[in-house]
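The values are calculated or read from the model by the stated rules, or taken from the named source; none is laboratory data. These numbers were taken from a predicted model, which means no experiment stands behind them. Note: ideal-geometry Cβ built from the backbone for every residue, glycine included; neighbour counts use all protein chains shown. For the accessible areas, the whole protein counts, side chains as well, though only heavy atoms, and no ligand, DNA or RNA atoms are used. Shrake-Rupley method; radii C 1.70, N 1.55, O 1.52, S 1.80 Å.
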Amino acid sequence: MDAPRRFLLPTPAGAYFAAAAQAEDRLRGFIRLLFAQPASPAWHDEDDGFVRRLATAGWIQYLDAPRCAPRDTIEAALQSLLPPLAGSRSALLADAHGFHLASSGFSDSAAEALAALSADLASLHERHRRSLKHSLGLSGSAWAMPDAAGHSQLAFWPLHVGEHRFALVTTGVPHLNQPELVDLVWLLHQRYGPLARPAQHGAETTTR
């Protein structure tokens with residue numbers, strides 16, 4: 001008797017890990033491969049130690065039923081995906097050139113200013129990346145403006161998809177451990193990433 005099929009989907013932690021840097025390794029490659037699929041792929045190989053370790057570490061999750069990538073236009077999808085990621089429900093997504101693709105809770109002028117600031121911060125970080133990593137041991141690339149108590153008021157989160165770089169800007173306490181982050185990164189991969197291809201490592205697409 002065949003074992004019941006289970007379906008693989010990155011967790012919010014896995015989605016951010018895969019998108020936060022352009023680095024290539026087996027872990028990021030596998031998560032990005034999942035995002036290249038239009039639907040969460042079925043998984044039969046329960047003995048695959050690599051995938052089991054990813055699930056144990058919290059990078060991927062098993063689902064009992066498949067999920068599909070967001071199918072709305074990117075503009076429409078972002079209107080529902082962005083607010084849950086910010087404590088104040090004000091957030092925006094900008095591209096590498098400092099243009100905002102969509103925003104929620106900001107005036108047009110504020111969104112334009114923050115999008116431009118995100119590009120400047122990315123350039124600043126790139127100039128000092130080696131010193132931050134080797135002198136201070138800091139490998140992250142997110143930037144934030146805290147209040148006197150150390151609570152985030154404004155934060156800039158890099159999201160890399162293929163050769164494209166985006167910035168997720170949030171206000172208030174960030175709520176990145178949400179399913180909307182998975183859908184956001186999935187949407188960007190479907191729109192800007194490499195063409196979807198059949199899953200490897202024992203996975204198969206659900207369109208059979």
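List of remarks:
- Filter result (of a type in the set (D, E, K, R) and within 18 Å of H160 (Cβ to Cβ)) within segment 73-117: D95
- For segment 36-60, the set of residues classified as modelled with pLDDT of 95 or more, in a strand (DSSP E or B) and either out of contact with any Pro (no Cβ under 6 Å at 6 or more places or on another chain) or surrounded by 20 or more Cβ atoms within 10 Å (Cβ to Cβ) (or both) consists of I60 only.
- Some residue of segment 119-126 being under 19 Å from P174 (Cα atoms), open to solvent by 60 Å² or more (accessible area, probe 1.4 Å) and in contact with a Ser or Thr (Cβ under 9 Å, 6 or more places away or on another chain): no
- For segment 63-93, the tally of residues that are out of contact with any Leu (no Cβ under 7 Å at 6 or more places or on another chain) and in a strand (DSSP E or B) stands at 2.
- For segment 90-113, the criterion of being aromatic (F, W, Y), closer than 27 Å to T73 by Cβ and open to solvent by less than 30 Å² (accessible area, probe 1.4 Å) is met by none of the residues.
- Pairs meeting the criteria (first residue in segment 131-159 and charged (D, E, K, R), second residue modelled with pLDDT of 85 or more and open to solvent by 70 Å² or more (accessible area, probe 1.4 Å), beta carbons under 7 Å, at least 6 apart or on different chains) are D147/Q153.
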